[in-house]
Amino acid sequence: MKNIIKITASLFLIFTLSVSVVSAQSWSVPNLSKKKQNPYDTSTKNISSGKKIYNINCKSCHGDATMRNMLPLQPVAPSDLGSQAFLMQTDGEIYYKVNKGNGAMPTFKKTLNDESKWMVITYLRSFDKNKKVSKKIAEVKNPEVSDVKLLLDINKETKSVSANLTGVTKKGARVALQGIELSFKVKRSFGYLDISGNDAYTNEQGMIEIPFPSDLPGDREGHVNLLVKVTDDAYYGEITVDRIATLGVPTDPENPLDERAMWGTRANAPIWIIVSYVGGVLSIWSIIFLVLFQLIKLPKLAKTEE
Ligand code: HEC
């Protein structure tokens, strides 16, 4: 009997505890915060910077907006931030939640600045069917395609790189893919330099042209390693093209081994090192010869003693 009482008591305790834990996890957004307005407009540029910030900071858990491929976290899974159900809330509400965090959702109060947070919200808002915003990114109307090809054309005269993105439809026709973001990168000594700018989306012809920076050094012949890819692998998988382009400023790389320095080889070593080394070697050998000379003299000396 006592055992039954103990068991029911502990079950009751566990139940009340878990209820309080769960209720502590739900969001409560103050009314004033809900009314906060997004100070940035829904321009393509803002949406596109928001998308970049989203991909770096949020995508790992929330997946691609509208694709419902979120990380299945416990006890509360992240929402699809492109869904209409989520976008029912005000910008202020979303802003508050991003700052506050909850459970597995980290706080971004210090890790992202205000501008970045509003850019992400601007980007998410572009999926809102009830709001008129730039449709360029949110709704790309491309047919279903296979065999997606990314072609590069390098124009030395205008110093630019153009890319063309196409795919083959089910009926077998090769068509242009529009509104897809591409990233253009140039290989440098340590990592890649992004030269895409803010608005690198293909147009109706599936084309995009990016100016190459006029002051970027290449090798002796001006060669640079160019890497172009479809930014978001979610569309067509990983599509990357790399190419050596003669668009850089020809630069003779300065070899630090050519000058006279501590790390120089042989003849390029500092004079004082050469002098002291040669001096050291000479003096040691002369001492050895001196000793040998004296040794040779010994028998002679012995004879004169007799
Ligand atoms: C480590 C994983 C993780 C990352 C990274 C993350 N979130 Fe979340 N997020 C969650 C989880 C889990 C929840 C659900 C939390 C809850 O409801 O208790 C959530 C909930 C939210 C909510 C509230 C959802 C709703 O339905 O009201 C918003 C808004 C949100 N996240 C925005 C963002 C933004 C914007 C970023 C990037 C700047 C981000 N999150 C990054 C895990 C994450």
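Just so you know, all these numbers are worked out from the coordinates, no wet-lab data involved. Here the structure is a predicted model, which means the values were calculated and not measured. Note that each Cβ is placed from the backbone with ideal geometry, even for glycine, and that neighbours are counted across all protein chains shown.
Which of rounded, prolate or oblate describes segment 31-138 when judged by the alpha-carbon gyration tensor and an a/c cut-off of 1.5?
On the way: a/c = 1.42, a/b = 1.19, b/c = 1.19.
Since a/c stays below 1.5, the shape of segment 31-138 is classed as rounded.
Quick one: putting +1 on the C-beta of Lys and Arg, -1 on the C-beta of Asp and Glu, what dipole do you get for the chain around its Cα centre, in Debye to the nearest 20?
Numbers: 39 positive and 31 negative charges, 275 e Å.
Roughly 1320 debye, rounded to the nearest 20.
With a cut-off of at most 12 other beta carbons within 10 Å, and DSSP calling the residue loop, which trypsin sites (Lys or Arg not before Pro) in segment 36-82 qualify? Please list them. Could the numbers behind the result be given before it?
Values: sites: LYS36, LYS45, LYS51, LYS52, LYS59, ARG68; in loops: LYS36, ARG68.
When the trypsin sites (Lys or Arg not before Pro) of segment 36-82 are filtered for loop state and at most 12 Cβ neighbours within 10 Å, ARG68 remain.
When DSSP beta bridges are limited to those with both residues in the chain, what percentage is antiparallel, rounded to the nearest 5?
Details: 33 of 34 bridges.
Restricted to the chain, the bridges split so that about 95 percent are antiparallel.
If R₀ is 35 angstrom, what is the calculated FRET efficiency for the pair ASP114 and SER83, using the beta carbon separation as r and rounding to 0.05? Walk me through the numbers on the way to the answer.
On the way: r = 25 Å, r/R0 = 0.71.
It comes out at approximately 0.90.
Mind giving me the FRET efficiency for ASP219 and VAL175? R0 is 35 Å, r the Cβ-Cβ distance, nearest 0.05 is fine.
On the way: r = 38 Å, r/R0 = 1.09.
Calculated transfer efficiency: 0.40.
Cα centroids of segment 215-286 and segment 47-65: how far apart, whole angstrom?
Result: 37 Å between the Cα centres.
Taking the Cβ-Cβ separation of LEU193 and ILE274 as r and a Förster radius of 45 Å, what is the calculated FRET efficiency to the nearest 0.05?
Numbers: r = 42 Å, r/R0 = 0.92.
The calculated FRET efficiency here is 0.60.
³J(HN,Hα) across segment 99-110 via Karplus (A = 6.51, B = -1.76, C = 1.60, θ = phi - 60°), whole Hz, x for Gly/Pro?
6, 7, x, 5, x, 6, 7, x, 7, 10, 4, 9
Given LYS97/LYS185; LYS45/LYS185; LYS45/LYS129; LYS52/LYS159, which pairs have Cα atoms separated by over 24 Å?
LYS97/LYS185; LYS52/LYS159
Charges on Cβ only, +1 for Lys and Arg, -1 for Asp and Glu, centred on the Cα centroid of the chain; of MET105, ILE180, GLY63, which one is farthest towards the dipole's positive end?
So the residue we want is MET105.
Would you tally the net charge around THR111, using a Cβ to Cβ cut-off of less than 14 Å, leaving THR111 out, and scoring K and R as +1, D and E as -1?
Numbers: positive: LYS100, LYS109, LYS110, LYS117; negative: ASP114, GLU115.
Local net charge: +2.
Relative contact order for segment 31-138: what is it in percent, counting Cα pairs under 8 Å that are at least 6 residues apart?
Values: 151 pairs, mean separation 40.8, N = 108.
Here the relative contact order equals 38 percent.
Can you compute 3J(HN,Hα) from phi for each residue in segment 188-205, using the Karplus curve 6.51 cos²θ - 1.76 cosθ + 1.60 with θ = phi - 60°, rounded to whole Hz and x for Gly and Pro?
Couplings: 10, 4, 10, x, 10, 9, 7, 10, 5, x, 9, 9, 8, 10, 5, 8, 4, 8 Hz.
Defining a contact as two alpha carbons under 8 Å apart and six or more residues distant in sequence, what relative contact order in percent does the chain show? Display every interim value, and only then the final one.
Details: 443 pairs, mean separation 34.7, N = 306.
RCO, the chain: 11 percent.
Which whole-Hz ³J(HN,Hα) couplings does segment 231-247 yield from phi under the Karplus relation 6.51 cos²θ - 1.76 cosθ + 1.60, θ = phi - 60°, glycine and proline marked x?
Coupling constants for segment 231-247: 3, 9, 5, 5, 6, 10, x, 7, 10, 9, 10, 10, 7, 9, 10, 8, 10 Hz.
What does the net charge come to around TRP27 if you take all other residues with beta carbon closer than 12 Å to its beta carbon, with K and R at +1 and D and E at -1? Spell out each step's value before the answer.
On the way: positive: LYS34, LYS97, LYS100; negative: GLU93.
Surrounding charge for TRP27 is +2.
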